[in-house]
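Asks: I'd like to ask some things about the structure below.
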Amino acid sequence: MLSLIWGSSYILIKKGLVALSPLQLGSFRILFTTLILLLVGFKHLRGISRHHQKWLLLSGFFGTFFPSFLFAYSETVIDSSVAAVLNGMTPLFTLIVALVLYQKKLLWKQALGIGVGFFGTLILVQDAFSFHLEQGGYAVLVILASMCYALNANWIKYKLQGVSPMAIALYNFLWISLPAVVILVLNPINLRSIFTNVDLQISLGYIMILSLIGTAFAKVLFNKLLTFASPIFAVSITYLLPIVAIAWGLLDGESFGWIRWLGCVVILTGVFLVTEKKRMPEED
């Protein structure tokens, strides 16, 4: 479900950029999501310790704030499907963080799965590395976002255990909503154009969908996944995102060759290998 949701986020960002700047898009996405989470999760505002607040702050900025703007800027130049493919490096970075900072023990099959999945990502992106230098720079923005996601996944797993998935998401967005407001004030849209500019109305509509489904709902779902799965497995959903994003890209006129389909098969093999064969906790 997360792969389908987040795999669709890239095309929504692309559509939102038709009438919004990257700074406006990122700010609206954060503020819309904050309002949604407040409406459905305000009761989770209590009972968070000061120790957890520090990690919620870091999680908010690295898990959402920075990536929101990095992806928006990257897709002003590169295709939405290519952005999804590059984000497939997240499991590799997550593994490195887990090994270095948290002495995570790794099964050989998981290591193999991450390697296979990363190889599949390279197959998918082999055409994309024919970028001009400027395009390559925008691709680096996605890689930076992947590094942010890797840090965030480990922090949620190892520093925010016991905090509810909704509380994590809500406090994340409360922390980052203020700088988002400042950015939007410094980069305003013409309020009258909301009622007269059809392109702007459509772009805002796409960002509202992205905020509701691709950010608010998906963030809570991802946080829930981290309560019973390892960070490495949880972020391995990013290996499936290119398949969804490429499908949307096809519908939107983006093209790719048969070699990328081969990459998709390799990625799925990697996801199968990296999956920890654990029973999910049974509920009464």
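The values are calculated or read from the model by the stated rules, or taken from the named source; none is laboratory data. All of these numbers come straight from a predicted model, not from anything done at the bench. Every residue, glycine among them, receives a Cβ derived from its backbone with ideal geometry; neighbour counts consider all protein chains shown.
Residue-wise test of (1) of a type in the set (Ser, Thr, Tyr); (2) in a helix (DSSP H, G or I); (3) closer than 23 Å to residue 160 by Cα; (4) modelled with pLDDT of 90 or more.
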position: 190; (1), (2), (3), (4): no, no, no, no
position: 194; (1), (2), (3), (4): no, yes, no, no
position: 199; (1), (2), (3), (4): no, yes, no, yes
position: 204; (1), (2), (3), (4): no, yes, no, yes
position: 207; (1), (2), (3), (4): no, yes, no, yes
position: 210; (1), (2), (3), (4): no, yes, no, yes
position: 217; (1), (2), (3), (4): no, yes, yes, yes
position: 221; (1), (2), (3), (4): no, yes, yes, yes
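Asks: Hey, among the residues in region 248-273 that are small (Gly, Ala, Ser) and touching a residue at least 40 places away in the same chain (Cβ under 8 Å), which one's farthest from residue 214 (Cα to Cα)?
Replies: It comes out as 257.
Asks: Hey, does region 223-232 have a residue that's more than 12 Å from the chain's Cα centre (by Cα), among the hydroxyl-bearing types (Ser, Thr, Tyr), under 14 Å from residue 120 (Cβ atoms) and buried (at least 16 other Cβ atoms within 10 Å of the Cβ)? Let's see the steps before the verdict.
Replies: First, pick out the residues of region 223-232 that are more than 12 Å from the chain's Cα centre (by Cα): 223-232.
Cutting the leftovers down to among the hydroxyl-bearing types (Ser, Thr, Tyr) gives us 227, 230.
Okay, now just the ones that are also under 14 Å from residue 120 (Cβ atoms), so none.
There is no residue in region 223-232 that is more than 12 Å from the chain's Cα centre (by Cα), among the hydroxyl-bearing types (Ser, Thr, Tyr), under 14 Å from residue 120 (Cβ atoms) and buried (at least 16 other Cβ atoms within 10 Å of the Cβ).
Asks: Still on this model: I'd like the full set of residues that are at pLDDT 85 or above and either surrounded by fewer than 23 Cβ atoms within 10 Å (Cβ to Cβ) or within 11 Å of the chain's Cα centre (by Cα) (or both), limited to region 63-86. Spell out the reasoning first.
Replies: Narrowing region 63-86 to residues at pLDDT 85 or above: 63-77.
Across region 63-86, the qualifying residues are 63, 64, 65, 66, 67, 68, 69, 70, 71, 73, 76, 77.
Condition check ((1) in contact with a helix residue (DSSP H, G or I) (Cβ under 7 Å, 6 or more places away or on another chain); (2) outside any helix (DSSP H, G or I); (3) of a type in the set (A, V, I, L, M, F, W, C)) across all residues:
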site: 19; (1), (2), (3): yes, yes, yes
site: 30; (1), (2), (3): yes, no, yes
site: 34; (1), (2), (3): yes, no, no
site: 39; (1), (2), (3): no, no, yes
site: 43; (1), (2), (3): no, no, no
site: 47; (1), (2), (3): no, yes, no
site: 68; (1), (2), (3): yes, no, no
site: 73; (1), (2), (3): yes, no, no
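Asks: Just to be sure I understand, how many residues within region 7-60 are farther than 24 Å from residue 206 by Cβ, hydrophobic (A, V, I, L, M, F, W, C) and either in contact with a Phe, Trp or Tyr (Cβ under 7 Å, 6 or more places away or on another chain) or buried (at least 16 other Cβ atoms within 10 Å of the Cβ) (or both)?
Replies: The qualifying residues number 5.
Asks: May I pose another question? Could you go through region 141-158 and let me know if any residue there is more than 17 Å from residue 90 (Cβ to Cβ), touching a residue at least 60 places away in the same chain (Cβ under 8 Å) and among the charged types (D, E, K, R).
Replies: No, region 141-158 contains no residue that is more than 17 Å from residue 90 (Cβ to Cβ), touching a residue at least 60 places away in the same chain (Cβ under 8 Å) and among the charged types (D, E, K, R).
Asks: Being assigned to a helix (DSSP H, G or I) and of a type in the set (Lys, Arg) is the filter here; which residues of region 78-122 pass it?
Replies: Of everything in region 78-122, just one residue is assigned to a helix (DSSP H, G or I) and of a type in the set (Lys, Arg), namely 109.
Asks: On to the next question. Say whether the condition of being in contact with a His (Cβ under 7 Å, 6 or more places away or on another chain), assigned to a helix (DSSP H, G or I), surrounded by 13 or more Cβ atoms within 10 Å (Cβ to Cβ) and not polar (S, T, N, Q) is met by at least one residue in region 140-162. Steps first, answer last, please.
Replies: First, pick out the residues of region 140-162 that are in contact with a His (Cβ under 7 Å, 6 or more places away or on another chain): 160.
Filter again for assigned to a helix (DSSP H, G or I), leaving none.
No, because not a single residue in region 140-162 is in contact with a His (Cβ under 7 Å, 6 or more places away or on another chain), assigned to a helix (DSSP H, G or I), surrounded by 13 or more Cβ atoms within 10 Å (Cβ to Cβ) and not polar (S, T, N, Q).
Asks: To continue, here is another question. Hey, among 99, 35, 20, which residue is over 26 Å from residue 161 (Cβ atoms) and free of Cβ contacts under 8 Å to residues at least 24 places away in the same chain? Break it down into steps so the answer makes sense when it comes.
Replies: On the way: 99 fails: over 26 Å from residue 161 (Cβ atoms); 20 fails: free of Cβ contacts under 8 Å to residues at least 24 places away in the same chain.
None of the other options fit; the residue is 35.
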